[in-house]
Amino acid sequence: MKINEIIRKKRLEKGYTQEQIASFLGVSPPAVNKWEKASSYPDITLLPPLARLLGTDLNTLLSFQEEPTKEEIEHFINELASAAETEGIDHAFRMALDKFHQYPASDSLLLHTALALEGLILTHVGSTKDNPYMDTIEDLYRRVSKSNDKEVGNLAKSMLISKHIGRKEFEAAEKLLKELPDKKDAFDKRQLNANLYLAQEEWAAAAQLIEQKILSEINVVVSSLYTLAEIAFKENQISDAEKLTHIAKQTTGLFDLWECNAHIADFLLAVAKKDTDRSLEALRKLITTLDKEWKPKESVLYRHLSFKDTNKGTGIGQMMRLGIVSELENPENHAYDFLRDHPDIQNLLGKYR
């Protein structure tokens with residue numbers, strides 16, 4: 001809030017009239033009226049007694065606040081959108097500049113307002129190309145990219161990277177990419193890197209990054225589906241658990257994942273239901289599948305990736321099998337109590353332990 005708004009707000013909260021404020025401070029009523037209209041401001045010598053009279057402090061009276069709150073920034077962004085709709089982009093941009101002057105050190109405000117302004121230009125103009133405000137917006141991204149707030153600074157850098165790629169300024173884009181952490185934040189570094197390769201017409205390098213992205217993220221999806229199925233079963237939502245298991249199996253097939261993923265889904269559901277026959281059937285298929293080689297390079301989804309035969313011999317397949325055997329033998333894992341003494345399980349344990 002500005003000082004004129006604070007004076008009016010605090011005066012009304014105290015129940016004073018403008019005439020009373022004027023009388024208490026020894027000024028004229030029109031002077032107080034002008035303060036509240038922001039056509040003039042109190043003399044500096046009047047600020048301490050005015051603050052005391054209004055029951056506040058000088059910091060509040062003068063709106064001294066380093067950072068607007070997250071809620072205040074969101075509210076201002078909404079105000080910008082409304083202003084652009086009713087009074088045009090020029091007016092919204094002037095509003096933004098005025099707010100920057102109030103909070104010149106707020107990197108969060110600068111970044112989110114710049115993002116909002118760019119979005120408003122796209123919405124109301126249709127393109128940011130040759131727009132006179134884009135240089136200022138890019139300057140804001142550049143300024144914020146040096147922020148001590150890493151999250152804010154990295155998001156600004158990701159915006160600049162896209163600008164550089166669009167102008168084929170590949171060295172500048174590469175330099176900023178190296179400054180970004182690999183950890184996914186509000187940006188996707190792998191996607192930005194792929195965009196750079198695409199702009200440079202390095203098709204294989206771009207494809208490799210996107211294939212890595214697909215493989216890592218779809219494995220997270222499948223794992224999450226298993227967890228949701230387990231939760232659904234614990235909530236006694238059996239049909240939901242079965243549907244989630246089915247979706248996990250379909251996803252495994254659709255994205256050419258290792259076949260054992262499908263049998264893991266069946267095994268986990270059967271164990272959750274304490275269905276001995278289905279558990280044994282799924283376990284047999286799972287153990288058998290662990291000996292099969294997964295050939296992802298035969299899939300159109302992963303043909304640019306390099307793989308070792310990690311699911312053969314002493315690789316991941318054997319490690320998974322040993323892990324399953326270990327859990328079946330573990331008396332503290334009560335999920336398998338109903339299976340542990342079954343003759344087929346004992347035979348399996350004897351074969352692979």
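The values are calculated or read from the model by the stated rules, or taken from the named source; none is laboratory data. Worth saying up front: this structure is predicted, and the values here are computed from it rather than measured. Note that we place each Cβ from the backbone using ideal geometry, even for glycine, and neighbour counts take in every protein chain shown. These accessible areas exclude ligands, DNA and RNA; they are computed on the full protein's heavy atoms, side chains included. Shrake-Rupley method; radii C 1.70, N 1.55, O 1.52, S 1.80 Å.
Structural remarks
- GLU71 surrounded by fewer than 19 Cβ atoms within 10 Å (Cβ to Cβ) and at pLDDT 90 or above: no
- Any hit, region 284-304, residues being over 27 Å from GLN212 (Cα atoms), of a type in the set (A, V, I, L, M, F, W, C) and out of contact with any Lys or Arg (no Cβ under 7 Å at 6 or more places or on another chain): no
- Among the candidates THR288, THR276, residue that is exposed (fewer than 15 other Cβ atoms within 10 Å of the Cβ), more than 38 Å from the chain's Cα centre (by Cα) and among the polar types (S, T, N, Q): THR288
- Out of LEU290, LEU283, LEU228, LEU254, sole residue that is of a type outside the set (S, T, N, Q), out of contact with any Gly (no Cβ under 8 Å at 6 or more places or on another chain) and either within 27 Å of LEU349 (Cβ to Cβ) or touching a residue at least 40 places away in the same chain (Cβ under 8 Å) (or both): LEU283
- The listed residue being closer than 18 Å to TYR302 by Cβ and either modelled with pLDDT under 90 or open to solvent by less than 80 Å² (accessible area, probe 1.4 Å) (or both), out of THR245, THR227, THR252: THR252
- Condition met for GLN212 (of a type in the set (S, T, N, Q), open to solvent by 20 Å² or more (accessible area, probe 1.4 Å) and touching a residue at least 40 places away in the same chain (Cβ under 8 Å)): yes
- Considering residues of region 150-165 that are open to solvent by 40 Å² or more (accessible area, probe 1.4 Å) and in contact with a helix residue (DSSP H, G or I) (Cβ under 8 Å, 6 or more places away or on another chain) only, the residue farthest from GLY119 (Cα to Cα): SER162
- Output for region 272-284, where each listed residue is in contact with a helix residue (DSSP H, G or I) (Cβ under 7 Å, 6 or more places away or on another chain) and at pLDDT 85 or above: LYS274, THR276, ARG278, SER279, LEU280, ALA282, LEU283
- Test: residue in region 100-118 that is open to solvent by 30 Å² or more (accessible area, probe 1.4 Å), of a type in the set (A, V, I, L, M) and either modelled with pLDDT of 90 or more or within 21 Å of LEU160 (Cβ to Cβ) (or both): yes
- In region 291-300, the qualifying residues are those that are open to solvent by 40 Å² or more (accessible area, probe 1.4 Å) and not in a helix (DSSP H, G or I), and the one that is modelled with the highest pLDDT is VAL300.
- Of all residues assigned to region 254-269, at least one qualifies as being in a helix (DSSP H, G or I) and of a type in the set (Val, Ile, Thr).
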